[in-house]
Amino acid sequence: MAGALDKIIKKYKLITVLVMSFMYIFVGVKHFTNPQYFINITPPQIEYKSFAVYFTGALEVLGGLLILSKKTRKTGSYILIFLLVVVFPANIYLYFSEIPQQLLGISKTQALTRMPFQAPLILLAYWHSKENHPKWVAYLSLLVFPPTIIYFLSV
């Protein structure tokens, strides 16, 4: 029974890798095709906003591509974890400032709702970073993946 469950988890994990890779590449490309969207939520303390947007977009695309291969998945996962930590201040700025909320057409509540999703994204990237983790990491990742994807598809 445990062997069958392990196979299901392994297949599910591959699906999550593919979906997350697509998501990161898609959003990363958006940094280049619609940089103003991301500039609007870049905190004012960031002096070179365009550079920051292009840099984080490049990290998203790179991380998304690297997680596709088992050989580079660990590196890609750590790039994505770094990215998620680095961009978190933009989510905080979005919550506390009405200007980017108005520019993006979202409410303060919607901005607040975005923030907790960084944690499952980091967890998923960590889960993808290597083949074997403690079972609780796999189970928690299995649980957080569907609502995380549903949320991001709805925004």
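One table, with the values for the structure above:
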| quantity | calculated |
| --- | --- |
| Degrees, to the nearest 10: 49-66 long Cα axis against longest axis of the chain | 10 degrees |
| Derived scalar couplings ³J(HN,Hα) [segment 85-91; Karplus, 6.51 cos²θ - 1.76 cosθ + 1.60; whole Hz; x for Gly, Pro] | 6, 5, 8, 4, x, 5, 5 |
| Cα principal axis extents for segment 86-155, largest first, Å | 44, 23, 14 |
| GNM flexibility winner over the chain from Thr33, Thr56, Thr75 (Cα, springs under 10 Å) | Thr33 |
| Expected-Rg normalisation [2.2 N^0.38 Å, Cα atoms] applied to the chain | 1.09 |
| For Lys71, net neighbour charge (Lys/Arg +1, Asp/Glu -1) across residues whose Cβ lies under 14 Å away | +3 |
| Of all accessible heavy-atom area on the chain, the percent that carbon and sulfur account for (1.4 Å) | 72 percent |
| Farthest positive-ward along the chain dipole, Cα basis, beta-carbon charges - from Val19, Pro120, Pro134 | Pro134 |
| Accessible surface, the chain, averaged per residue in Å² (probe 1.4 Å) | 59 Å² |
| Under the Karplus curve 6.51 cos²θ - 1.76 cosθ + 1.60, θ = phi - 60°, whole-Hz ³J(HN,Hα) for segment 14-23, x wherever Gly or Pro sits | 4, 4, 5, 4, 5, 5, 5, 4, 4, 4 |
| Exposure ranking of Ile92, Ile106 by accessible area [1.4 Å probe, largest first] | Ile92, Ile106 |
| Charge dipole (debye, nearest 20) of segment 1-135; +1 at Cβ of Lys and Arg, -1 at Cβ of Asp and Glu | 660 debye |
| Nearest 10 degrees, 0 to 90: helix 135-154 Cα axis against the chain principal axis | 40 degrees |
| Cα-based helix-to-principal-axis angle, 118-128 vs the chain, degrees rounded to 10 | 40 degrees |
| Whole-number Å³ per residue for the convex hull built on Cα positions in segment 1-72 | 103 Å³ |
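The values are calculated or read from the model by the stated rules, or taken from the named source; none is laboratory data. Predicted model, so just to flag it, every value in this text is computed and none were measured. Using ideal geometry, Cβ is built from the backbone for each residue, glycine included, and neighbour counts are taken over all protein chains shown. Accessible surface areas use protein heavy atoms only, side chains included; no ligands, DNA or RNA. Shrake-Rupley method; radii C 1.70, N 1.55, O 1.52, S 1.80 Å.
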